[in-house]
Every structure is written in C-alpha cells, then in structure tokens.
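Throughout, read-outs are computed from the coordinates displayed, never taken from laboratory work. It should be emphasised that the depicted structure is a prediction, and the values quoted were computed from it without experimental measurement. All Cβ positions, glycine included, derive from the backbone under ideal geometry; neighbour counts span all protein chains shown.
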Amino acid sequence: MGRRPYDAVVIGSGAGGGPCAYGLSVRGRRVLLLEAGPRYDPYKDYHLHEDDWEIRGFPDRERGVYTFGEGQPLREDLGRLRSRNRAHGLFNPSPRRRYLRYFNVKGVGGSTLRYQGEAHRLHPKAFRIKSIYGVGNDWPIGYGDLLPYYKTAERVIGVAGPDADPYHPGRVPLPLPPHRLSYASRIVEKACARMGLRLIPNRVAILSRGYDGRPSCNYCNGCSYGCPIKDKGSIDVTFIPKAEATGRCRVVEGAHVFRLDVRKGRVREVLYYDREGKERAARARVFVVACGAVETPRLLLNSGIANSSGQVGKNFMETLLWHSTALHPMRLDSYRGIPIDSEVLDYLFPGAGLPFASGFRLFATSGVALGPVNFALMYLRGWGKGFQREMERSFGHTLSVGGIGEFLPNRDTFVEIDDKVKDRYGIPVARIHAFLGENEIRLLEFMSTKCREILEASGADEIVEEISSYDLFAATHVFGTCRMGKDPGTSVVDPSCRSHDIPNLFIADASVFPSSGGGSPPSLTISAIGLRVAEYISREVLI
Amino acid sequence: MKRLTRRWFLKVLGALGLSSLLPGPSNAASPPLTRDTEALAEAIMPGAKDLGVDERAAALMLKRPETARIFFSGMRGLERYSRDRYGRPFHSLEEREREAVLRWMASLPRERIERLFFARYRRAVIAYYYTCPEVWKRLKYNGPPQPKGFMDYHLPPGGGSG
Ligand SMILES: Cc1cc2nc3c(=O)[nH]c(=O)nc-3n(C[C@H](O)[C@H](O)[C@H](O)COP(=O)(O)OP(=O)(O)OC[C@H]3O[C@@H](n4cnc5c(N)ncnc54)[C@H](O)[C@@H]3O)c2cc1C
C-alpha cells in the first residue's frame, strides 16, 4: 500500500463502516479501516457442522464491555406483557425491568456476522413520523435521498425478495427472487389470511440462488451462529473483500480506537491499541466513526469532541420486541428454513384509529430454539424417562411469531460514560439507560394481542414462551445516539452525517438515526448511509 | 462401557491447577465421587453414561474454579443426604430413591449450593445428551444444520408434498 497517507480512516467495520470503506475505495480513495474485533473465517471458525453447535453458539472471541443504569419500575397491571416460559416461569420476577444484553459482535463485519439477514429499505413514511403522527423526529433526509444507495447495497449484498411491494412505491426489482415460505410459515400465512392480514415473503440478505461467487442458501437456519457457507450477505463477505480488492483499503483487525485527537478544530489523528496492546496513531484527511450506536458516543464522549449540542449519547433507541412461541398439534420442524422468512406490514405506519403512533411489523419466525438442546432446556421441566418421552412427543412442534415496533426517543433513554468501569485498556465504558414510554407500552399490548391471535388462528395449542421488551432489555437493533439534523443545537451531525462541530469528522452507523424506522430491520439503511457518506466525502471533501 | 475415573478428575483439575479441590482417596468420608457423578447423570437422562455425557457435563463444570467448587460442594451434599436418608451412597440407591434425592435437590431454596449445583449439572447433562446423533434419531432430527442444511424446509417433515 506504499507510504502515501490515507485519505480516510474509517473506525468500525460493521453495517455502516464496511460499506463506507468500500464506497471510498471504489472511488479511488485510500482507506484505513480500523476494527476492534478479529477477522472470522466462515469456513473454519463457525460451528454449525458440529454436533454440539447449539452449545458452542457464535464463537465470540471478544465481547464489548458496557454497563447498565437503573431498571424501569414495572407496573402491576401489565402482567400480561411480561416475559415467561413454560419451564421456568417468569424470566424476570423482579419489580424492575432487567437489562440482559446489548447483542452485538466485535469483528470484521460487525454485528452483521450474527444478523438474521433481514434487509429492508425503510418505508418512506419512516422518515416523517413527526409530521405524520406528531411524535418522535423527522429525518432531515427522505427515502429518495437514500434510494440510489439502497440499490447499490442490495446489489452488493445480493438481496432476495419480492419485486412487488405495495408499501414501497416505484420499487425496482431486487437482484434475487424471494425464498419459498417454510412449511411452518405457510400455516401462519393461512392464519393471517383468516384474520385479514397479509403475510408476504421477507426481503433478506440470504441468497436464493448462487450470486457473485457465493452459493445459494441451504436453509440450515443458523444465520446467527455465523454462516459457514457465505450465502448470508454479512459485510465481511460482501463489501469488505470488494473494498480490499481495490488495493486501496487496508483492514487492521484488533485495533481498539480510544481517542480522536482534535487540533485547531479538525481531527488530526486517531489513537488506538493494536493487537499486541501497543499504542498507535493514524492520520488522514477525513475520519469516519462507525462503531455502532453504543460505542460511537462512547468514543466521542471519551475524546471530548463533537458535542457542542450536548446531544452525543442522547436519543438512544432500542429494539421494541414481542415474541410468542406455541406448540402446534402437528409436527412442523419450523427450525428448517431461514430465520424470518415472511412478514406482515399492515401495521407499519397505518392510518388513524389505532391506539399507538407510528407502527410495527409482524413476522413469522423459526424462533430461538433451533435444535434439540435449546428445545429441551427452554421448554421442558424435570428429568428422567418422562422428560425424554415428552421431548420425543413435542420436539419439532414449535410455531413462533413476533413483532418489532417503533421506539420513540425519551429523556430517560441514553448512553453515557461510566467512569467507574474501564475496559482492559483502562478506557471508561459506556453505560446504557433504557426506559419505555407510553407509546411503546401501547405498541407492545397491540403486538402481543396480534401474535397470540395469529398463533390461535394457526391451530397452535399452548403458548410455551413469550419474550417481551416490557421487562427485558435484549436489544439487537440500537440507534440514535448521534442523531442527524439540520439544527446544530439539537443534533450531532448534519444531513450529510458530518459533525456540526468538526468538518473532517463523519459518522456512518446506526447512531445517526433520528427515529427507529417503525420496527424495520436497520442494517440495509445503515449500509446505504455508509455508502452515501462515502460518496459525499469523495465528492465534496476530498477534492 | 466408559467409566469415570479418579484419574480423569485429577487430569482435568490438574490442568487448571485445581487438584486440591478433589477430596483425597484415603479420607473415609470422601464421597465415591466417580460413581455418584455417573449415577446422577444417568438419573437425569437415562442412557447418559453410555454416551459419555456424564464426563462431558462434569468437564464443563470443572472448567472454572467457581463452578468446580459448586460441583464438589453439590456432590458432597448429594452424598451426605443419600447416606443420612437411606444409609447408602447415591449410586447404590434404588431408582425410586434416587428420584427422591433429585426432587429434594430441586426443591431446596435458591441460595442452597446443592440446588445451584443441581440446576447447573442438570442443564449440562441435558444439553450434552441432546447433542448426540444417537438421540437425534429418536427425535427424527436430521442435524447438525450443516453441511446438508434443510433443503426440504418447505415440505411437511419427513417429506411429502404439503
Ligand atoms: C443477533 C442479531 C440479529 C440481527 N438481525 C438483523 C437483521 O436480520 N436485519 C437487520 O437489518 N439487522 C439485524 N441486526 C442488527 C444489525 O446487525 C445492526 O443494526 C447493524 O449491524 C449495526 O450496524 P453498525 O454499523 O451501527 O454497528 P456494528 O455492525 O455493530 O459495527 C460496529 C463495529 O465497530 C467496531 N468497533 C466498536 N468500537 C470500536 C473502536 N473503539 N475501535 C475500533 N472498532 C470499534 C465493532 O467491533 C464492530 O465491528 C441484528 C443484530 C444481531 C446482534
């Protein structure tokens, strides 16, 4: 790569950083991509070929450290919204909301290494919920501004799904046809039809045919265990190899950036610890932070920069989730297929007359117990021969549906620095505070009712598990801690994702979302933002 | 049939520098650890011993000092209760008696070490038991997920046109 200085340093190689590095390098820019985590080799590191794959899980080599604030007090009258399970009872018997985990991955490719491959454009209305419903925030950009980047992301990743989608006017065909619905989802489809709902095939970054040198999916359903055949379009097998193939993008794994150094109003260099724990610095003309909605504000706050608005870390939004699993009298083997193969969009930004603002999305899912180990541990009590008989009778009978809804920002939900807890380099970690507001509770009530109704209409017998954001924080989608906006007093970056305070600093990850998208999976939008930032930097900054 | 041995315990613990946790063989009060460990696994999942599940579950608990301590305290509690109640070690009890010991452990208050031990060991035994392809056959589970995948995902289980 020679000794010429880099045009840009991109920090974080996930859904936002990877595409941003790609966008810069294909435009002839020299990029240094610094990633805190390791590089995983899908052919060697993942465990889905092994008998104990369920016990091994995703082979996280390193997990981020963060802490949580106080749990929200729970209301006695909302017992029906609590997470419970047939074998273990209430997941959280305490009177306060419990923080379980912020699910993310440290590694080249970021959290997409574990994501379930849902790849959605946001609904055009998602950008304007304040104007439409009077809640949350509008985005300073619209669907049209992201459209060309959505198309590029869909092409590079290889998104499969239906062409005709009534909720996205003027849609162009996706690169790949949709996947067939699983046997279990076809039962849910019929139930939805009886209820007047339309279950349609999902749009996913999972190949329905061989594409771009990658094979088609073989429906093992193990996306979140790490896809070992590369049909899932995680960033490490799509954008990053293409960026590296330009010869202009250097990826450094195990590089923990801990400070951005600002002199005379511009970022001069980033400081990081390398894999051996040695402190290093890197310089460039432009710096892009893409560490995700928890680590990006942590880095900026620890660096004491880009926060003249006081908004860094504020407006945090989490995943508002409901998930119900029942046993069906028929054997379905719903663990076969892809994790979320179909969805109902009828409540995504609906008209007036419903008890909540904004909206949510329902989906048919293979659930979380994808094999015998988890099934046994999650749904059965006891031991001995009776246990084994019950297992033989009920394994393969689960049917699951879920919903994810809009999470509106509120004052009590934010990320800050926890000075008392440090990571292994002695750097203070992020502390997450998350509280649900009234709209979230109304959405959960509505989603839970619909999920239960769908399961009943599907002919399922007994609900064996319900997982709810009401009493558990277990977020996979997080957003909003450095939101974009036109007003430097109320936002951290401008509509091009450039810091209002520092002209050579950009943010290209989920932190910039002003609203959470009504329950749509965010990764494709994050990637589109990453590509848009790259184009803007190339066109307007690196001239 | 594969049997758990004292040497095996010593090897696993030695590798972790935890050999001192293993009660000495000369101590008359020391529990017949190997036989009880097997018998407990077998009571939790009949057939576990033949599949080597007892060893894998114990090895999981002996991986870290905290869980190794829970393991030995729990086994000691099991041994004591069996002797106090039936006058014999756990592994020589009748099936009905073993069942009563398991129910006793499962119903103890949460903070009792025997209950914690039982919850962990039960979990480990069940988990490893259901990783065994021999057991999958009985469940008609055609795993692991790779390399074959489940290409029949759109059909009713076991084939057919759906
Ligand atoms: C189990 C699971 C399932 C999911 N399913 C879906 C789905 O189906 N569809 C969907 O759209 N979304 C899904 N998501 C969410 C999606 O993966 C995330 O929203 C998305 O990856 C976030 O992108 P990001 O760029 O903001 O952060 P990330 O993808 O998390 O990337 C951030 C990267 O920055 C690195 N980093 C952090 N701090 C530093 C530092 N100081 N120095 C250097 N590097 C650093 C991290 O190691 C990481 O690699 C899922 C997530 C999980 C965990």
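Taking label points 7 Å from Cα along the Cα-to-Cβ direction, A:Asp212 and B:Lys11 give a separation of 4.8 nm. Extension gain, A:His88 to A:Lys264: 0.36 nm times the residue separation minus the Cα-Cα distance gives 57.5 nm. Relative to the longest principal axis of the Cα atoms of chain A, helix A:183-194 runs at roughly 80 degrees.
Ranked by how many other Cβ atoms sit within 10 Å of their own Cβ, fewest first, the residues B:Met151, A:Met484 fall in the order B:Met151, A:Met484. Run the numbers on region A:390-543 and let me know its relative contact order in percent, using alpha-carbon pairs under 8 Å that are six or more apart. Across region A:390-543, relative contact order equals 21 percent. Look at the alpha carbon pairs under 8 Å that are at least 6 residues apart: their mean separation over the length of chain B gives a relative contact order of 22 percent. Counting beta carbons within 10 Å around each of A:Lys125, A:Lys422 and listing the fewest first gives the order A:Lys422, A:Lys125.
Once both labels are positioned 7 Å from their Cα atoms along Cα-to-Cβ, the gap between A:Asp45 and A:Ile543 label points is 4.0 nm.
Give me the inter-chain shielding for B:125-137: mean count of other chain Cβ atoms within 10 Å, whole number please. Intermediate values should be presented prior to the final figure.
Numbers: counts 1, 10, 8, 4, 6, 14, 10, 3, 1, 0, 5, 4, 0.
Per residue, the average neighbour count from other chains is 5.
Between A:Ala352 and A:Arg198, the C-beta separation translates, for a Förster distance of 22 Å, into a calculated FRET efficiency of about 0.60. Legend: calculated FRET efficiency, B:Asp50 to B:Ser73, from the Cβ-Cβ distance at R0 = 25 Å, rounded to 0.05, equals 0.35.
For helix A:143-157, report the angle its Cα long axis makes with the longest principal axis of the Cα atoms of chain A; keep it between 0 and 90° and round to the nearest 10°. Its long axis makes an angle of about 80 degrees.
Each other residue within a Cβ distance under 10 Å of A:Thr490 adds +1 if Lys or Arg and -1 if Asp or Glu, for a net charge of +2. When only C-alpha pairs under 8 Å and at least 6 residues apart count, what is the relative contact order of chain A, in percent? Once normalised by length, the contact order is 26 percent. Judged by the gyration tensor of its Cα atoms, with axes a ≥ b ≥ c, the protein assembly as shown is prolate; a/c meets the 1.5 cut and a/b is the larger of a/b and b/c. The mean number of Cβ atoms from other chains found within 10 Å of a Cβ in peptide B:98-109 is 1, as a whole number.
Each label point was placed 7 Å from the Cα along the Cα-to-Cβ direction; for B:Arg85 and B:Arg138 their separation is 2.5 nm. Listed by chain and number, the aspartates and glutamates whose C-alpha is less than 15 Å from the C-alpha of A:Lys264, apart from same-chain residues fewer than 8 away, are A:Asp501. For A:Asp461 and A:Thr490, the difference between the fully extended length at 0.36 nm per residue and the C-alpha to C-alpha distance is 5.4 nm. Relative to the longest principal axis of the Cα atoms of chain A, the long axis of helix A:292-303 makes an angle of roughly 40 degrees. Judged by the mean number of other Cβ atoms found within 10 Å, the most tightly packed of the peptides A:393-404, A:304-315, A:38-49 leads the ranking A:393-404, A:304-315, A:38-49. For the peptides A:520-529, A:107-116, the ranking by mean Cβ contacts within 10 Å, running from highest to lowest, is A:520-529, A:107-116. Net charge of the neighbourhood of A:Ala326, taken over other residues with C-beta under 11 Å away and scored Lys/Arg +1, Asp/Glu -1, is -3. Between A:Arg4 and A:Lys278, full extension at 0.36 nm per residue minus the direct alpha carbon distance yields a gain of 96.4 nm. Other residues within the sphere of radius under 12 Å centred on the Cβ of A:Val288, judged by their own Cβ, net out at +2 (K and R +1, D and E -1). Under the combined filter of DSSP loop state and at most 11 neighbouring Cβ atoms within 10 Å, region A:447-543 retains none of its chymotrypsin sites (Phe, Trp or Tyr not before Pro). The protection proxy used here, the mean number of other Cβ atoms lying within 10 Å of each residue, ranks peptides A:349-360, A:430-441, A:15-26 as follows, highest first: A:15-26, A:430-441, A:349-360.
Assuming a ≥ b ≥ c are the square roots of the Cα gyration tensor eigenvalues, decide whether region A:76-123 counts as rounded (a/c under 1.5), prolate (otherwise, with a/b larger than b/c) or oblate.
On the way: a/c = 2.71, a/b = 2.02, b/c = 1.35.
Cα axes put region A:76-123 in the prolate bin.
Checking the a/c ratio against 1.5 first, then a/b against b/c, what shape does the Cα gyration tensor give for region A:10-151? The shape class here is oblate.
Say R0 is 35 Å: what FRET efficiency, to the nearest 0.05, do A:Glu76 and A:Asp138 get from their beta-carbon distance? After rounding, the FRET efficiency stands at 0.45.
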